[in-house]
Structures are given as C-alpha cells and as structure tokens.
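Quick notes on the structure that follows.
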Amino acid sequence: MATVDTDSRRIPLAQLDIPLERDLFLRNLIRELSGVLEDVVGLREAAGFISIVGQNMGNQMDLDYKEALGVSRLTRSQVADVLVDLKRRIKGDFYIVEQNDDRIVLGNRACPFAEKVVGRPSMCMMTSNVFGIIASQSLGYAKVTLEETIARGDQGCRVVVHLKSNAESEAASGQEYFESLT
C-alpha cells in the first residue's frame with residue numbers, strides 16, 4: 001500500500017479523504033471538456049461537438065435496446081419507456097409526463113451529470129441526441145425541444161420529443177432527427 005510521509009507519521013494514501021472516484025472523475029472530465037469547448041469555440045459550436053458524441057452513443061443505445069428486446073423497431077410506447085430506462089441506468093430521474101402519437105413529454109428531477117451540468121448547457125446535447133436518435137430510428141422522425149434544463153438553472157428538465165413534423169413541431173425550437181437509411 002502506498003504511503004506518504006508527514007512530519008510525524010506515515011499515512012496510507014488510500015485512507016486520505018479525497019473526493020476522487022471514477023464516476024466523479026468522469027463527470028468532472030466531461031464538465032471541463034464542455035467548458036473548454038464553450039470558452040474556445042462558443043456555446044453553439046460546443047453543442048455541435050457534443051451532438052456528434054451523443055449521436056454515436058444514441059445509435060449504440062438504440063441497437064442495444066432493440067437487440068435486448070428482440071425487435072427491429074420500437075413502438076412509440078417502447079421508445080418512451082426506453083428513454084426513461086436509459087436515463088435511470090445512468091442515475092437520471094426522467095419520467096413520462098404525457099405521450100401521444102404526436103409527442104412524448106418527459107420530466108426530469110436529477111441529471112446523470114448531477115451538479116456538474118449546471119452552467120454547461122452544451123452537455124444537454126447528449127440528451128437531445130440520444131433521445132432524438134432512438135425515437136427517429138424507430139418512428140422515422142423526431143424533433144427534441146429542451147424546454148427546461150437543470151444546466152440552465154431550472155429546478156428540473158422538461159424535454160419534448162416531437163414525433164411528427166407538423167405545425168406544433170415546426171413552431172418549437174430544437175434539433176430535428178431523421179431515420180437513417182443505413
């Protein structure tokens with residue numbers, strides 16, 4: 001066991017009260033990366049870079065859920081359940097507020113990034129992209145609107161996943177996603 005010498009004794013390093021473990025380290029890493037991106041290239045471009053990562057993760061999660069469920073496409077109800085489940089698995093607290101053929105509305109009481117997301121709105125592109133990719137790959141289209149976010153200082157999140165291109169989704173701000181043909 002590694003120790004460190006102090007003036008009067010040797011202290012095992014493993015016994016030091018240092019807030020360092022894998023989960024906290026990775027959340028700090030992502031926070032710092034997003035902060036550097038926001039500072040260097042701006043919020044819009046930082047969100048774009050994070051979107052690419054979110055898209056790749058969304059594609060993998062979509063495949064993982066479909067394989068585990070033994071389906072090639074998810075129903076609207078399954079999409080909603082998958083979005084809640086994937087966030088639960090990474091310590092988010094998302095829940096379905098409402099769902100119908102036009103949209104899925106989700107609330108959230110706890111971000112997977114915890115307090116590390118505050119002041120880093122670009123990190124919310126992970127949610128937008130993962131949700132948008134999973135919904136669009138099974139339902140053909142999605143537009144994700146982040147109406148409220150913990151990152152922007154709201155008490156919780158309110159995320160609307162529009163499932164059809166219509167007047168309501170056209171009027172909403174957000175990112176559009178389309179089914180990949182590959």
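In region 140-169, which residues have a backbone nitrogen under 16 Å from the label point lying 7 Å from M57's Cα in the Cα-to-Cβ direction? In region 140-169, the label zone of M57 (backbone N under 16 Å from the point 7 Å along Cα→Cβ) covers 150-151.
Simple rule: put +1 on each Lys or Arg Cβ and -1 on each Asp or Glu Cβ in the chain, find the dipole, and look at F94, I11, A151; the Cα lying farthest toward the positive end is I11. Each other residue within a Cβ distance under 13 Å of F94 adds +1 if Lys or Arg and -1 if Asp or Glu, for a net charge of +2.
Taking a Cβ cut-off of under 13 Å around E115, the surrounding Lys, Arg, Asp and Glu residues balance to a net charge of +4, with basic ones at +1 and acidic ones at -1.
Ordering I133, V118, V160 by Cα displacement along the dipole of region 110-160 toward the positive end leaves I133 in first place; charges were set at the Cβ atoms of Lys, Arg (+1) and Asp, Glu (-1).
The orientation-averaged shadow of the Cα convex hull for region 32-76, equal to a quarter of the hull surface, comes to 4.1 nm².
About its Cα centre, region 1-144 has a charge dipole of approximately 180 debye under the convention of +1 per Lys or Arg Cβ and -1 per Asp or Glu Cβ, with nothing else charged.
Under a Cβ-only charge scheme (Lys and Arg +1, Asp and Glu -1), can you give me the dipole magnitude of region 53-130 about the Cα centre, in debye to the nearest 20? Each step should come with its number before you reach the end.
Values: 11 positive and 10 negative charges, 52 e Å.
With only Lys, Arg, Asp and Glu charged at Cβ, the dipole is about 240 debye.
Can you give the FRET efficiency for D64 and A14, using 1/(1 + (r/R0)^6), R0 = 25 Å, r = Cβ-Cβ distance, to the nearest 0.05? Can you show the working numbers first?
Values: r = 35 Å, r/R0 = 1.40.
So the FRET efficiency works out to roughly 0.10.
Here the chain was treated as a single set of alpha-carbon atoms; its pair distances binned every 5 Å from 0 give 1, 8, 15, 19, 18, 13, 9, 5, 4, 3, 2, 2, 1, 0, 0 percent.
Each reported figure results from applying straightforward, stated rules to the coordinates on display, with no laboratory input. Just so it is clear, the model here is predicted, and its values are computed rather than measured. Note that each Cβ is placed from the backbone with ideal geometry, even for glycine, and that neighbours are counted across all protein chains shown.
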